[in-house]
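Worksheet for the structure shown next.
The values are calculated or read from the model by the stated rules, or taken from the named source; none is laboratory data. These numbers come from a predicted model, not from an experiment. Cβ atoms come from the backbone with ideal geometry, glycine included; neighbour counts cover every protein chain shown. These accessible areas exclude ligands, DNA and RNA; they are computed on the full protein's heavy atoms, side chains included. Shrake-Rupley method; radii C 1.70, N 1.55, O 1.52, S 1.80 Å.
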Amino acid sequence: MTTTDLARATLVVFVVLGVQHSLLDAVRVDGAHPDAMLLLPVAAGYAAGPDRGAIFGFFSGLAADLFLPTPFGLSALVGCLLGYATGVATRGLVRSSWWLPPAVAAAATAGGMTAYAILGAVLGQPGMLRAYLVPALVVGTPAAAVLATPVLRMVAWAVPASAADRGAQAGGGLR
Amino acid sequence: MARRTRRSRRARRGVTIGVLLLASITVITLDYRGDGRGAISWVKHAANDAFSPLHRGLDAVVRPIGSFLAGAVHAGAIEQQNAKLRNELNRAQSKLGSAQLTRNELQALERLDHLPWVGDITTVTATVVALNPSNFAATVQLDKGTAQGVAVGMPVVAGAGLVGQVVDSWSSGCTIRLVTDAASAVGVRYGSGGLALVQGTGLGRPLAVNYVDPGTPLSTGTLLVTSGLQNAKFPPDIPVARVTHVSSTPSATQESVSAQSVADLAQLQYVDVLLWSSSSS
């Protein structure tokens, strides 16, 4: 990863963070809102493979944690796992269908939110599974499908796949 | 040769993910052990202080778009609410003369200005700058922090009653845990000395009123106010919620009671932080 890639990745994280807190936090349905920060590791895993997905997920999660009331490091842990899992799961997929990125984003976001709630409950945060998970899934999953394409484009620009991961992607890379 | 390369790549990947997981767990542990005063909290507070001017600038530009989108999502509900409010306004106008109406409004504003249950506690009026930043906690952020004397544990009220409690504060802002958060628990008093515990069940959901003995005469509309007990977590007599539902099950150890917060938590804009701590009670 070059210095330019690093600068681009930082820029993308801060732009998405700004949009999240100024715009998306206001779009609330039943107390939940779309979560673009959780989409960053998904996009990185999809566009750049498991290694870079995990690294980008960890650092974007840390940035998100700075402004959240939940335990610091929880988003980093989930982001790292999510970036890695998305990279591994989508490595062999033929990427010729337009619906693949939204479908991957929705499925991975649902998995990420569930993991977040489970890990939060393990860390002793009350109501994670019983009070908050269902509204977060109902709002966050379709929103992730809608936001998938612009976020993927930005992340693919900032975090290119390594030569080894590029070889493993089938069907001409990002769509 | 190719097999060896693949194996070494897999091993490297294992090391990367292992190091990241270990780093995450270390950070979480440091945060827990610091308990709001460690290095992690210092980093969080510095980031919030640095980001707040940028956040406010961005907010001014982007919030109208967010409000528009939020309005589009809730268009049906808003139309219904508008129709209901219009109807109520017409009814009120027909009942009252305009002079009487003006007098009532003035009295309401005066009540807001001198909240009777605040007493002589010093207050800091703050603006809500961020609503519910996490999907997994019911919190808001205010624009007043330690620089104005706001500290962790202080109660926060709006015109109608209790909003929540300060759970984190830094130089230029603070985070409030709303009474509807699943981690919130407020000791309350009702009627002639009955005690209960009001617990949050998530943003926009009714509050659960626990430890109400079976057979307690509690009716819909009963006002629940802070008890002043519970090691004085809150000063006494602040309105918290009104009972909306009571039902009893035979052989149950307590009544099933739910309540609605008296403060409109969905439309918070200005709140008062009470500069009060349990040691000052």
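Some observations on this one:
- Helix-only mean residue ellipticity at 222 nm for chain A, each DSSP H run of n ≥ 4 adding -39500 (n - 2.57), per residue, nearest 500: -24000 deg cm²/dmol
- P(r) histogram, all alpha-carbon pairs of the stretch B:155-281 included - 5 Å bins from 0, percent: 2, 11, 21, 24, 20, 11, 6, 3, 1, 0, 0
- Shown for the stretch B:182-216: residues covered by the partner protein chains by 30 Å² or more of accessible area relative to the chain by itself (probe radius 1.4 Å), namely B:182, B:203, B:205.
- For the stretch A:17-78, the alpha carbon positions stretch 35, 24, 19 Å along the principal axes, listed from largest to smallest.
- At R0 = 35 Å, FRET efficiency that the Cβ-Cβ distance of residue A:115 and residue B:9 yields, to 0.05: 0.85
- When the Cα atoms of the stretch B:136-186 are aligned to their principal axes, the ranges along those axes come out at 28, 26, 15 Å in descending order.
- Accessible surface, 1.4 Å probe, highest first, among residues B:44, B:84, B:144: B:84, B:144, B:44
- Residues of the stretch B:120-168 that bury at least 30 Å² of accessible area when the other protein chains are present, relative to the chain alone (probe 1.4 Å, heavy atoms, ligands and nucleic acids excluded): B:131, B:132, B:133, B:134, B:135, B:136.
- Pairs of Cα atoms farther than 23 Å apart, the stretch B:127-226, %: 32
- Interface burial for B against A (accessible surface, 1.4 Å probe, total of both chains, Å², rounded to 100): 4400
- Size descriptor, Kirkwood hydrodynamic radius, that averages inverse alpha-carbon separations across the stretch B:214-281, Å: 14.2
- Where the Cα pairs of chain A fall when distances are cut into 10 Å bins, in %: 11, 42, 35, 11, 1
- Per atom type, chain A shows carbon and sulfur on 71% of its accessible surface, probed at 1.4 Å.
- Mean sequence separation of contacting Cα pairs (under 8 Å, at least six apart), scaled by the length of the stretch B:135-267, corresponds to a relative contact order of 21 percent.
- Farthest towards the positive end of the charge dipole of chain A, among the residues A:116, A:72, A:156, is the Cα of A:156, using unit charges on the Cβ of Lys, Arg, Asp and Glu.
- Label-to-label distance, nm, for residues given as residue B:223 and residue B:245 (7 Å Cα→Cβ offset): 2.4
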